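Chemist: Would you mind keeping the following structure in view while I ask a few things?
The values are calculated or read from the model by the stated rules, or taken from the named source; none is laboratory data. Note that the structure is predicted; figures quoted are calculated from it, not measured. Cβ placement follows ideal geometry from the backbone for every residue including glycine, while neighbour counts extend to all protein chains displayed. Quick note on the areas: whole protein, heavy atoms, side chains included, nothing else; ligands and nucleic acids left out. Shrake-Rupley method; radii C 1.70, N 1.55, O 1.52, S 1.80 Å.
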Amino acid sequence: YKDYGQCGIVDRNGKIIVPTDCQEVNYPTDGMIRFRRNNLYGFYDTSGNIAIQPQYRTVSGFSNGLATVIVDFDSNTFGYGFIDRNNNIVIEPKFQYAYAFSEGTAIVKNYDRLGMIDTNGNEVLPIKYIDITPMRNGRFFAVDALSEKAALFDNHFRQLTPFVYDKI
């Protein structure tokens with residue numbers, strides 16, 4: 001709900017879960033509610049307790065028990081990494097960009113190339129592609145940097161087709 005331009009969340013019975021002192025509030029994902037206050041993001045749990053104080057300039061919602069965060073090293077240097085529900089960094093902030101997890105994998109970017117990691121941070125698809133679709137129903141497309149053509153892969157990262165498709 002909104003109150004004078006600020007956002008909050010109430011449950012079905014009208015009980016306030018997240019008060020209206022937030023600039024932005026998102027629906028719960030994986031049992032956590034992302035919110036923004038004073039231009040920093042944090043998380044409430046679904047009981048209305050602040051689980052992670054607002055401290056990040058950007059976060060994704062939780063998926064597979066992890067959320068993407070930007071960690072600022074100094075005023076000019078940052079990295080994307082992943083935190084758990086206790087605000088522990090579980091995958092180091094070493095990426096130029098990182099997407100939220102989907103079906104146990106996340107697309108990550110370094111040096112303008114994309115690849116995939118698992119929830120332990122292991123690289124499961126090399127960071128060498130120029131485009132990758134998110135994993136859906138155990139399938140995804142990746143675009144080769146040299147040919148600029150796409151191929152279909154399965155959830156075991158086996159290439160199912162040659163790099164022949166023009167669009168994904």
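Chemist: Out of Val90, Val69, which single residue is buried (at least 20 other Cβ atoms within 10 Å of the Cβ) and touching a residue at least 12 places away in the same chain (Cβ under 8 Å)? First the steps, then the outcome.
Modeler: Working: Val90 fails: buried (at least 20 other Cβ atoms within 10 Å of the Cβ).
After applying the criteria, what remains is Val69.
Conditions tested, residue by residue: (1) under 16 Å from the mean Cα position of the chain (by Cα); (2) modelled with pLDDT of 95 or more; (3) not in a strand (DSSP E or B).
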{"site": "Gly8", "(1), (2), (3)": "no, no, no"}
{"site": "Arg12", "(1), (2), (3)": "no, no, yes"}
{"site": "Val18", "(1), (2), (3)": "no, no, no"}
{"site": "Tyr27", "(1), (2), (3)": "yes, no, yes"}
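Chemist: Would segment 45-62 turn up any residue that is in a loop (DSSP other than H, G, I, E, B) and among the aromatic types (Phe, Trp, Tyr)?
Modeler: Start the filter on segment 45-62 by keeping residues that are in a loop (DSSP other than H, G, I, E, B), which leaves 46-49, 57-58, 60-62.
With among the aromatic types (Phe, Trp, Tyr) added as a condition, the list becomes 62.
Yes, segment 45-62 contains a residue that is in a loop (DSSP other than H, G, I, E, B) and among the aromatic types (Phe, Trp, Tyr).
Chemist: Shifting gears a bit: Restricting attention to segment 36-60, and to residues there that are under 18 Å from Tyr99 (Cα atoms) and at pLDDT below 95, which single residue is surrounded by the most Cβ atoms within 10 Å (Cβ to Cβ)?
Modeler: Filtering segment 36-60 for residues that are under 18 Å from Tyr99 (Cα atoms) and at pLDDT below 95, the one surrounded by the most Cβ atoms within 10 Å (Cβ to Cβ) comes out as Arg57.
Chemist: Separate question: Where in segment 63-168 are there strands (runs of 3 or more DSSP E), lying fully within it, with 1 or more residues that are hydroxyl-bearing (Ser, Thr, Tyr) and either over 30 Å from Leu40 (Cα atoms) or touching an Asp or Glu at 6+ places or on another chain (Cβ under 9 Å) (or both)?
Modeler: On the way: elements: 67-72, 78-83, 89-95, 105-110, 113-118, 123-132, 139-144, 150-154.
Filter on segment 63-168 gives 105-110, 123-132.
Chemist: Additional query: Considering each of Gly81, Gly121, Gly104 in turn, give the residue that is surrounded by fewer than 22 Cβ atoms within 10 Å (Cβ to Cβ), under 28 Å from Asp144 (Cα atoms) and at pLDDT below 95. Outline the logic, then answer.
Modeler: Working: Gly81 fails: at pLDDT below 95; Gly121 fails: at pLDDT below 95.
Every option except Gly104 fails the conditions.
Chemist: Name the single residue, out of those in segment 124-162 being free of Cβ contacts under 8 Å to residues at least 24 places away in the same chain and small (Gly, Ala, Ser), that is most open to solvent (accessible area, probe 1.4 Å).
Modeler: Checking each candidate, the answer is Ser147.
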